[in-house]
Amino acid sequence: MESKNSAVLNVVSESKAISSILMQDNSKDLDHSSICSGTTFDRDNSLVQSPSLESFSSIHDIENLSELTMDENSDLCVKIDNPEKHVETMETYITFRITTRVARIEFSDHEYIVRRRYNDFLWLRQKLMECHNFCIVPPLPAKHSLIGQLDRYSKEFILSRMKSLNVFINRICKHPILSCNDNLKIFLTSTRLEFSHHRKNKNSISSCNGTIATLNHPSSSHTVLRNRHVEFDRVKNYLAMLTEKLSSLEKISGRINKDRSDLISEINNFHPIFIRWSASEPQICSTLENIGNALERSSAAQSALVHSYNNSMGAPIKEFLQYIDVVQEVLRKREAFQCDYETSLEELHKRHSEKDKLVALSQDRSPHSGGGFGLWRQPSYDDKLEKLGSCIPQLLKMVETSQDSLEMANEFLRSDLECWQEEKRQCLKKILLDFVGKQINYYEASVNAWEHVTNEMKKSNKL
């Protein structure tokens, strides 16, 4: 017996023979490992379904998962599929198969197949952020909420997460810097035991490939810059405007979708009235039946529109708002670097000014004025000048380092923003085209239903 909302995935239990069955596939059969029998497994009085996984690779929202082909312009291609449920003594979790095809000299093979869970993706993103402070590291799908805890093994949730993970990993693979990170290589190629050992190793790879490593900076949420950077301020204002527009769009479209859902319930109570009425009106029986059927067909079309909302509009907009948050956070990091530079530069100017005043006072002081008082003051001047003489070179070095870091941050951010703008255009275009397509399908189905009614009425009038 198959539950309607059960997750369509393999089930691996540490205490059941099914795990050994699933491991019998060799590498040449990996592309077909998603096909398994409809076995049920009872654990703690809960029934877990594991029917065929073919439906995962046929979902329209996850394009080309059944076939992985190397892009002519790409030397690193990754796909995520084949979700698998692991039932262990202390926890239950989902892993995904990650297939990588690569044509890079630093990789010893051309193809790798590994399995990773959501927490492994979190580790990868954290490592990328530590190594590349001013690269725009794509966001991951949000962790399930407490309310969604009971539904995190549903087919809909797993499909949505798998789709988002594919978007995440492919954005990284297309990035000229992130795709070369050693932690990504380990994530894509290591066996389960090797990867587990690497994660536990505190001295794991943290090379930055020439970028700025993460530094300890004061919180940039209240950073006050003395010299605003026009270029990045313009981007910051644009992102704030885009966030407002998309947030309003998501909220209003969500309310419209809820109203449509309520309307469907009313229509489902409305159209049977015409069918029942037709039984007592022989002369207009066919017309009443056609109207009732048209209402039912229109309701079905509207129901399809409502059910497609989350995948076509709601979830994609929320995901892109997360992406905007990432860009805004990187801009705040850049401002923190600029604030450090300005602070150290201001401190250097103060020390130079202080030194100049001491030198001037020392030169203006008469050697005979004040008698013993002048001899008493001389060591104080000399001590201060000596301290400033050692402090100023350190501050100068700090200013130069801060300036170099800021300039490097600006260059990395400019490059990433240019790529992000193009990706933004493609993402928003896809969201809007999907929205338009779903609206067209709904209205075409509705118009066809009512046109059928008018055509039938015209035929009956001719008769």
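Worth a mention:
- Mean Cα-pair separation over length for the stretch 65-200, i.e. relative contact order, pairs under 8 Å, 6 or more apart, %: 23
- Sites Asp262 and Glu130 - FRET efficiency at Förster radius 51 Å, r taken between beta-carbons, to 0.05: 0.60
- Length gained when the stretch His110-Leu433 is fully extended (0.36 nm per residue, less Cα-Cα span): 112.7 nm
- Amide N proximity, the stretch 277-306 versus Ser460 label position 7 Å along Cα-to-Cβ, cut-off under 13 Å: 277-294
- Cα pair distances exceeding 19 angstrom across the stretch 65-200, given as percent: 52
- Of all lysines in the structure, the ones whose alpha carbon falls short of 25 Å from that of Lys438, not counting any fewer than 8 places away in one chain, are Lys4, Lys155, Lys163, Lys245, Lys251, Lys258, Lys318, Lys424, Lys429, Lys430.
- Taken along the Cα-to-beta-carbon direction at a fixed 7 Å, the label points for Glu444 and Ala300 span 1.7 nm.
- Those residues of the stretch 237-268 whose amide nitrogen sits under 17 Å from the label point placed on Lys318, 7 Å along Cα→Cβ: 246-259
- Phi angles of the stretch 386-400 translate, via the Karplus equation with coefficients 6.51, -1.76, 1.60 and θ = phi - 60°, into HN-Hα couplings of 5, 4, 5, x, 8, 6, 4, x, 5, 5, 4, 5, 5, 5, 4 Hz per residue; Gly and Pro are given as x.
- The modelled label-to-label distance for the pair Arg228/Met241, using points 7 Å beyond Cα in the direction of Cβ, is 1.4 nm.
- Virtual spin-label span in nm between Asn201 and Met90, 7 Å along Cα→Cβ: 2.2
- Rounded to the nearest 20 debye, dipole of the stretch 381-438 from Cβ charges on Lys, Arg, Asp, Glu: 560
- Theoretical gain in end-to-end length, Asn119 to Lys174 [0.36 nm per residue, Cα-Cα removed]: 17.6 nm
Computed from the coordinates by the stated procedures, all read-outs in this text should not be read as laboratory data. Just so we're clear, the structure is a prediction, and the values are computed from it rather than from any experiment. Reconstructed Cβ throughout: ideal geometry from the backbone, glycine too, with neighbour counts over all protein chains shown.
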